[in-house]
Amino acid sequence: MRWPLIAAKTRDETNDALCEITRAMLRDVRGRPSDELLRRAMRGWAFVVPRPELRQMPADVRLALRWVAGASRHLAVLMDPAVMRSLLTALRLNQDGAVAAAETQRHKHKVLVNAVRYAVEQRKLPADPLAPIKWTVAETVDQVDPRVVANLSQARSLLCAVSYVGGYRRAHGRRLVGLFAGMYYAGLRPAEAVGVSLPNCVLPAEGWGQVTVHRTLPQAGKRWTDTGRAPG
């Protein structure tokens, strides 16, 4: 419905959310494929708008999607508040069972809301099953475990190590040093660090410098673009 209007990165995230919603709607019936195959089939084939060129679907993917079609519960069950609440609860969690980040929860909920509204618009549902249910983002733990965060000595060793990646002329190592240094010392997100160039930086000989973040460059695979090429 909204696919042509959203960016490649958002398409990737929407695809992931639709996979989680679908997985939560599956019944436990015979012949269930492995979780890895189910995810590959849905992520790579079920929820991707096909590009103009012809694609040959692998046999195992075809069989997995056929199983999904037979194991999926009917949309009408969403009118049961207990079923809808169980679906919302499933969307709070990551694949490993841990509570997802608040932003991840909000995005999955937004995708579900859009899907439900589209189903109502298409008269596949008689009313909005989300309307009577109160939903809030589950609290996540903000405390950082110091055992999983690099200390100053480890960070310096990391920057030294990555400087040797690739050949000198291609400057892979030097670019990686800038990327990880920006993330460690300036607290930049990866998409922000990639978008930083020298004119955005104030680098004094001593003391703290300054980085002006004016753009982000999130990376998304070529399957999420209209052209079939990686964005950039």
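The values are calculated or read from the model by the stated rules, or taken from the named source; none is laboratory data. This is a predicted model, so every value here is computed, not measured. Methodologically, a virtual Cβ is constructed for each residue, glycine included, from the backbone with ideal geometry; neighbour enumeration extends over all protein chains shown. Please note that ligands, DNA and RNA were not included when accessible areas were found on the heavy atoms of the full protein model with its side chains. Shrake-Rupley method; radii C 1.70, N 1.55, O 1.52, S 1.80 Å.
Taking a point 7 Å out from the Cα of V29 in the direction of its Cβ, the residues of region 60-90 whose backbone N falls within less than 15 Å of it are 63-77.
What range in the chain is the longest one free of trypsin sites (Lys or Arg not before Pro) that are in a loop by DSSP and have at most 14 other Cβ atoms within 10 angstrom?
Numbers: sites that count: R2, R27, R30, R55, R73, R123, K124, K134, R169, R170, R215, R229.
Answer - 74-122.
Spin-label pair Q56-A101: with each label point 7 Å from Cα along the Cα-Cβ axis, the two points sit 4.0 nm from one another. For the chain, with all protein chains in place and a probe radius of 1.4 Å, 56% of the accessible heavy-atom surface sits on carbon or sulfur. Pick out, in residue order, every one of the chymotrypsin sites (Phe, Trp or Tyr not before Pro) in region 111-208 that is DSSP loop and has at most 12 other C-beta atoms within 10 Å; say none if there are none. Taking region 111-208 and a limit of 12 other Cβ atoms within 10 Å, the loop chymotrypsin sites (Phe, Trp or Tyr not before Pro) found are Y164, Y168, W208. Summing Lys and Arg as +1 and Asp and Glu as -1 over all other residues whose Cβ lies under 15 Å from the Cβ of R66 gives a net charge of +4. Pairs of lysine residues in the chain that meet both criteria, 8 or more places apart or on different chains and Cα atoms under 23 Å apart, total 9. Ligands, DNA and RNA are left out, and with a 1.4 angstrom probe the accessible area of region 77-140 is 60 Å² per residue. Running a GNM on the chain with Cα contacts under 10 Å, which residue among V144, V213, V194 ends up with the highest mean-square fluctuation? Sorting by GNM fluctuation, first place goes to V144.
I want the local charge near G166. Using Cβ-Cβ distances under 10 Å, sum +1 for each Lys or Arg and -1 for each Asp or Glu among the other residues. Its environment carries a net charge of +4.
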